[in-house]
Structures are given as structure tokens and as C-alpha cells.
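Every read-out reported here was derived from the displayed coordinates using simple, explicitly stated rules and does not represent laboratory data. Everything quoted here is computed from the prediction, not taken from an experiment. FYI the Cβ positions are ideal-geometry reconstructions off the backbone, even for glycines, and counts take in every protein chain you see.
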Amino acid sequence: MTVEADQVLVEARLVAGALDCPVCPGLLCPWGWARPRGVHGVVGVVRPRRARCVGCLVTHVLLPVTVLLRRAYAVEVIGVALWARAAGRGHRSIGQMLGAPAATVRGWLRVMAGRLEATRLYLLQVARRSGVDLAVPAALGCRWRDLLAALGAATAAVTGRFGTVGVVGPVTGWQVAVACSAGRLLAPGWPPAVRVPRATRVASDVSGG
């Protein structure tokens, strides 16, 4: 479950019973801590809070919006790699630019390459469901750039409705991506299948009138 990057605020909301369970109508309560870890691009050690629903009893790790599930690099760092790939750079030069192993960057790019269209459609759905009237981005002739255009549309829609500044500063497109995917942007099984509207069949007029 994705939450604010400000752990003090998250703790206050959790103790006050102000965090809803994403599974049922119940509320979350404190339930220990996840394993502390260092994340490249994030200052200090990240130690996500654990919470448990008082209704369904399911436990959740409260992942800050600055990181992705099971990734040792901040989402903004990974985002730079995806932007560079859209600009035509390869994984080795991107790794040198970021100071990250080329194999690690190659892994990010391979995962995203396998879900470019599905992620683009998911982000366009986010933009549409925000309630803000925005035009669908035109095709750019490159699936990577089309993905980034969809992310831009989703970011404009979300910030247009909820504001451009969050708890820790300006809301970025990659924070929107983390929030939309619940931290699973590069995780197996994401994004969920996007339902494409289908035309409604109209019965033929047998009377000829």
C-alpha cells in the first residue's frame, strides 16, 4: 500500500485510525515494521511501517511514494533511466550516467519493455477517471515516448484535481506512477488487465420501420 513519504505523518494517521484498508471497509492499525533497507536516491534508511486491518485482519506494508516494490533504487532514479531509453540511449550508457550496474538498468528496461502498451493504457485510464477533461496524447511513433506522454497526462490530471504540491514538495510524474501502481510499476503481474469498452449490440429492426 502506497503512502506519503513523510513517515511522521503516516504514523500519525495510522495511530489515529485514519488509514483505510485497501481490501475491505475496515481501518488499519499499527502492526510492527518491515525490514530496514538502503535505497539509492533516498536519504537515510527506509524502514516501511506495517499495518493490519481491524476488520479483515490482512497485513500491509506501507510503502512510501518515493520507492517501488523490491527495488533498491528510488523511483526518480529509475524514471531517469526510462526517460533516457525513450531518448534512444542503451542500458550501458544509462548505467554509467546513473552510477548503477548495467545489468540492473537492463533489468528495468526489459521489464518495462514487456508492458509498455499495457502501462500506457492504464495511465490513460487514471487520467480519465480523475474527472479532469484532458485530451488523449497523440501517438509519437515510439512506444517509449508514448508511455511517457501517457504518464504526463495522468500526472496533469491527478495534480489538476488534487494539487501540484504534496507533503514533501512538488508532486512528480514518477510519484504518480508509484501511487497509481501501488509501488508495483516493475513488479510481476502488473498492470492489471485494462478493460476496453466494447460496442453494444443493437437488435435488428425486423419490422423494417
*Note the listed values (i) -0.50, -1.47; (ii) -0.61, -1.23; (iii) -0.38, -1.45, then indicate which one is log10 I(q)/I(0) by the Debye sum over Cα atoms at q = 0.10, 0.19 Å⁻¹ calculated from this particular structure.*
(i)
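Pairs of alpha-carbon atoms within less than 8 angstrom and 6+ residues apart define the contacts here; what relative contact order does the chain have, in percent?
Averaging sequence separation for qualifying contacts and normalising by length gives 18 percent for the chain.
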*Q125-R35 pseudo-label distance in nm [points 7 Å out on the Cα-to-Cβ vector]*: 3.2
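What length, rounded to one decimal in nm, is gained on full extension from R70 through to V45, with 0.36 nm per residue of separation minus their alpha-carbon distance? It would help to have the intermediate numbers written out before the result.
Working: separation 25, 0.36 × 25 = 9.00 nm, distance 1.46 nm.
Contour length minus the Cα-Cα distance gives 7.5 nm.
What FRET efficiency do you get for R161 and M97 if R0 is 35 Å and r is their Cβ-Cβ distance, rounded to the nearest 0.05? Provide the component values of the computation, followed by the final result.
Working: r = 34 Å, r/R0 = 0.97.
For R0 = 35 Å, the calculated efficiency reads 0.55.
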_Karplus-derived HN-Hα couplings along the stretch 138-154 (A = 6.51, B = -1.76, C = 1.60, θ = phi - 60°), whole Hz, x at Gly and Pro_ = 6, 5, 10, x, 9, 5, 5, 5, 4, 4, 5, 5, 5, 5, x, 5, 5
*Stretch V58-L116 to full length: gain in nm at 0.36 nm per residue minus the Cα-Cα span?*
17.7 nm
